1. In deg cm²/dmol, rounded to 500, what helix-only [θ] at 222 nm does the chain give when every DSSP H run of at least 4 residues adds -39500 (n - 2.57) and the total is split over its residues?
2. Using unit Cβ charges (K, R positive; D, E negative) and no other charged atoms, how large, in debye to the nearest 20, is the dipole of segment 89-142 about its Cα centre?
3. Here are labelled values, (1) 26.5; (2) 25.4; (3) 30.3, and one is the computed Kirkwood radius over Cα pairs in Å for what I pasted. Which one?
4. Among TRP164, LEU144, ALA174, pick out the residue whose Cα is farthest towards the positive end of the charge dipole of segment 82-181, where Lys and Arg carry +1 and Asp and Glu carry -1 on C-beta, about the Cα centre.
5. Between PHE398 and ARG104, 0.36 nm times their residue separation minus their Cα-Cα distance comes to what?
6. Taking θ as phi - 60°, what are the ³J(HN,Hα) couplings along segment 449-456 by the Karplus curve (6.51, -1.76, 1.60), each to the nearest whole Hz, with x for Gly and Pro?
7. In nm, what is the difference between 0.36 nm times the number of residues separating LYS416 and ASP304 and their Cα-Cα distance?
8. State, to one decimal in nm, how far the label point of ASP497 lies from the label point of SER121, with both points 7 Å from Cα in the Cβ direction.
Amino acid sequence: MTRRPALLVSALALALAGCAQTGAAPDAALTTQQEPSPRVTRGNLVTENVPTAPIELKERLQRYENVRGHSFQDWTGDGGILIATRFGNVNQIHEVRFPLGARRQLTFYTETVGSADVSPSGGAFLFGKDRGGDEYFQSYLFNLGTGDVTQFSEQGSRNGSGLWADDGSVVAWARTTAGDPNNDILVANPADPESRRVVLEGEGAIGPVDWSADGSTLLLQRYISIAKSRLFKLDVASGTLTEINPDDDVAYSGGALLADGSVLTVTDKGSEFANLVRIAPDGTTTTYTGDIDWDVSDWTLSPDETTVAFTLNEGGLGTIRLLDVASGHVRPGPTLPVGIASGLTFSPSGTQLGFTFNGATSPADAWSFDIATLNLTRWTEAETGGLNAANFLTPEIFSYPNTDGMDIPAFIYRPKGAGPHPVIVSIHGGPESQSRPGFSSTYQYWAKELGLAVVVPNVRGSSGYGKTYVSLDNGLNRKKSVEDIGALLDWIATQPDLDAGRVVVHGGSYGGYMVLASMIDYGDRLAGGVNIVGISDFKTFLENTEGYRVDLRREEYGDERDPVVAAFFDEISPLKNAHKITKPLFIIQGYNDPRVPYTEAEQILAAVKANGVMHWFMMAMDEGHGFRKLSNREAQREAETLFLQEILGVN
């Protein structure tokens with residue numbers, strides 16, 4: 001049994017947000033542009049029509065971009081912890097030997113290293129990194145004693161996170177190659193890459209989530225969609241695969257193999273919400289959280305198998321609970337401010353629990369608490385770029401009605417002053433993601449520096465509100481989520497402190513599709529849009545996305561090979577309806593994006609050019625699905641600010 005059951009998740013899009021500001025209504029002359037400037041190359045950035053930001057704007061924005069959080073990764077085994085944070089251009093792994101102690105950087109790469117998993121012996125940790133955002137992750141072992149790094153994955157393959165066996169002798173992981181929708185399961189001693197061997201030629205997005213204590217059995221999860229997944233036991237020696245509850249058509253999230261042969265997991269079986277359950281060898285199921293009408297999200301099992309720590313997604317907030325496995329009793333965890341706890345990790349002794357806490361007005365930090373007393377320990381203190389954290393705005397959670405009589409959950413950052421304030425509608429990706437009211441330096445910048453009201457809806461299809469809600473935009477209901485943006489525009493028009501005549505939509509990945517669709521359906525009510533790594537045509541997207549993602553995305557969006565679905569895709573395609581886009585559009589893309597290929601951006605750009613619409617374009621040649629490098633993010637935010645200033649007439 002591993003100390004921290006791994007979770008398989010879909011390749012959900014990055015949660016990206018948007019911008020705008022006060023001033024006169026946009027000048028009609030700004031909506032057309034007869035002679036676009038040629039493409040300009042600035043380092044790794046390729047742009048069209050994007051001016052250079054003045055130094056004053058750079059300095060104004062730089063403080064917000066230099067807000068720096070810290071995420072808890074693991075315990076080192078000698079009383080310290082590992083965290084991920086950025087002191088250069090990208091996140092790297094650092095060691096903190098005692099609470100609020102100095103950070104010692106361990107990895108030094110030009111690419112992001114965002115996670116670390118320490119060996120049960122405490123002498124080494126696993127990490128992964130890709131190249132330029134291509135998501136073809138390679139796996140590495142870092143020796144904490146010598147600082148030596150060993151790559152144990154094969155170049156050219158795509159590798160999931162490694163999972164340590166309890167004795168620390170081997171790790172298991174999932175691997176695939178270009179064009180292959182199926183993962184294989186591998187096992188190796190990470191210090192000896194030549195020991196690498198395939199123990200299962202898998203099917204679909206399958207991966208390891210736990211080892212049995214004796215190392216003979218792997219618990220595997222195959223992710224099919226947010227509503228469907230399967231659990232299997234793999235006999236490592238023989239390769240025999242046995243499915244758990246094969247007749248179930250439900251979602252599972254992670255798992256742990258208990259000493260008595262039971263499986264601990266989270267599932268929505270028989271419930272609107274994801275519950276923590278125990279499945280006995282004979283199939284009998286014990287449900288621990290059935291009386292809680294919120295999803296169990298993050299969870300982990302103590303080394304002695306007596307306690308489960310888990311978080312509840314309470315309307316977007318993340319609160320900690322503790323379960324006694326024997327009695328089924330659930331008790332509260334420590335009292336925390338309004339925010340989101342995640343990344344729960346027991347110490348080797350099982351007496352402490354480490355986690356990341358992201359407050360509504362405070363950047364992420366690493367914390368821990370004593371399981372017996374609930375006494376909290378803060379390990380890091382996030383930098384806020386010289387800004388006074390006491391002045392950060394707290395979002396308000398609210399809901400608004402749609403035309404089908406439903407209440408759509410959302411939250412809003414309202415700027416100081418009477419208004420009316422221009423509005424930016426920030427639409428999450430996924431589509432099954434959920435926008436949660438954790439800290440966002442971008443939202444704070446838009447609201448405090450630009451005077452924008454930032455409205456963040458969780459439209460139909462969002463997770464966190466039950467399995468019925470998350471399915472309401474599936475298949476031929478795809479436009480239902482877009483209708484919820486129209487309903488939000490209706491709500492904005494009823495708010496005296498919001499300016500319904502100056503609204504911008506902003507979103508990434510599926511949220512980028514939502515931006516384009518909103519500009520087509522509600523363009524007369526919008527000032528413009530910012531589309532980041534967005535889908536512009538579902539058919540071309542499915543034809544060109546990486547092979548390991550195709551089946552997963554068809555499960556959510558529909559199969560373009562079906563004539564009925566293909567006709568529907570044509571009907572809702574932003575590309576085929578691009579002639580209806582008449583307002584300014586900013587398109588932002590990573591060239592190496594394996595999820596939404598850069599061709600999706602190029603084709604919608606060409607289409608809006610034909611309309612004579614004001615268009616800006618930015619592509620980073622060293623990024624993938626969203627910008628991770630500080631220098632590129634700074635350039636993006638600077639350009640977004642200039643775009644909003646121009647179309648909204650703000651300062």
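1. Roughly -5000 deg cm²/dmol at 222 nm, from the helical runs in the chain.
2. 300 debye
3. Structure-derived value, by its label: (2).
4. LEU144
5. Stretched fully, the PHE398-ARG104 segment lengthens by 101.7 nm.
6. My calculation for segment 449-456 gives 8, 9, x, 8, 7, 9, 10, 10 Hz in order.
7. Using 0.36 nm per residue and subtracting the Cα-Cα distance, I get 35.2 nm.
8. 5.9 nm
The values are calculated or read from the model by the stated rules, or taken from the named source; none is laboratory data. All values derive from a computational prediction rather than experimental measurement. Positions of Cβ are generated from backbone atoms using ideal geometry, with glycine treated the same way; all protein chains shown enter the neighbour counts. Note: accessible area is taken over every heavy atom of the protein model, side chains too, but ligands, DNA and RNA are not part of it. Shrake-Rupley method; radii C 1.70, N 1.55, O 1.52, S 1.80 Å.
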